[in-house]
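Participant: Quick one: this structure, given as structure tokens, is what I'll be asking you about.
The values are calculated or read from the model by the stated rules, or taken from the named source; none is laboratory data. In this text the structure is predicted, and so the values were computed from the model without any measurement. All Cβ positions, glycine included, derive from the backbone under ideal geometry; neighbour counts span all protein chains shown.
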């Protein structure tokens with residue numbers, strides 16, 4: 001798959017990646033997907049490049065497949081906000097953020113067009129070929145901030161990306177008890193204190209029924225996904 005052409009649209013909303021608690025540099029080991037929650041890509045670009053907004057991402061992909069680079073991957077873009085994954089709270093310093101143009105749940109959430117997903121898949125594969133980001137760390141904004149965020153939402157085709165070699169998808173639920181679900185989600189990487197972690201997992205892996213309630217099917221999917229993560233390493 002040919003990497004997409006990239007249109008440069010620099011944003012001032014970025015800074016150096018921060019060192020870890022020990023003073024050493026942190027690895028870039030997460031690839032985080034968002035939707036813009038804006039009416040158009042032009043509106044999203046204006047906001048992401050507005051210094052007063054203090055928000056950005058490394059890339060934005062329009063619905064027609066056009067790819068914009070806003071922040072160099074070597075820099076820290078401001079896209080995750082208050083977030084946590086696998087015990088790491090400075091997600092911005094450890095991640096590359098990709099925004100997908102979509103009006104989101106506020107403005108008329110709709111499926112992601114094929115051209116947009118093709119461009120995203122090509123971009124992700126190109127990034128993953130250059131950077132040792134574990135497959136388990138291809139993430140939704142709602143994964144790292146389940147109590148605040150819904151994006152990219154239940155219409156996003158995670159299974160399609162996994163089939164193209166981007167991320168993981170459990171083939172079928174494993175045997176697991178609902179009582180084990182919280183522990184399974186914590187071992188996957190979710191913040192154990194998040195009240196909506198179950199809903200975030202369901203939004204991604206069981207989008208037909210998002211109720212934030214532990215049940216056997218959700219637990220089985222979590223167990224199967226965790227096994228894939230552990231087999232993949234990282």
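Participant: Being surrounded by fewer than 20 Cβ atoms within 10 Å (Cβ to Cβ) and part of a loop (DSSP other than H, G, I, E, B) is the filter here, so list the residues in the range 114-140 that pass it.
Facilitator: Within the range 114-140, 131, 132, 134 meet the criteria.
Participant: Now a separate question. Of the numbered conditions (1) at pLDDT 95 or above; (2) surrounded by fewer than 18 Cβ atoms within 10 Å (Cβ to Cβ), residue 26 satisfies every one except a single condition; which is it?
Facilitator: Failed condition: (1).
Participant: In addition: Restricting to the range 174-216, what's the tally of residues that are touching a residue at least 24 places away in the same chain (Cβ under 8 Å), under 18 Å from residue 154 (Cβ atoms) and over 20 Å from the mean Cα position of the chain (by Cα)?
Facilitator: Matching residues across the range 174-216 total 1.
Participant: I'm trying to understand the selection: among the residues of the range 141-160, which are over 18 Å from residue 87 (Cα atoms) and assigned to a helix (DSSP H, G or I)?
Facilitator: 158, 159, 160
Participant: Can you tell me how many residues in the range 192-225 are out of contact with any strand residue (DSSP E or B) (no Cβ under 9 Å at 6 or more places or on another chain), surrounded by 17 or more Cβ atoms within 10 Å (Cβ to Cβ) and not in a loop (DSSP other than H, G, I, E, B)?
Facilitator: The total comes to 14.
Participant: Give 20, 65 a once-over and let me know the one that is at pLDDT below 95 and either crowded, with 17+ Cβ neighbours inside 10 Å or not assigned by TED's automatic domain parsing to the domain that holds residue 119 (or both). Write out each step before concluding.
Facilitator: On the way: 65 fails: at pLDDT below 95.
Result of the check over 20, 65: 20.
Participant: Any chance the range 141-152 includes a residue that's surrounded by 15 or more Cβ atoms within 10 Å (Cβ to Cβ) and over 15 Å from the mean Cα position of the chain (by Cα)? Can you show your working first?
Facilitator: Residues of the range 141-152 surrounded by 15 or more Cβ atoms within 10 Å (Cβ to Cβ): 141-146, 149-152.
Subset that is over 15 Å from the mean Cα position of the chain (by Cα): none.
The answer is no, given that none of the residues of the range 141-152 is surrounded by 15 or more Cβ atoms within 10 Å (Cβ to Cβ) and over 15 Å from the mean Cα position of the chain (by Cα).
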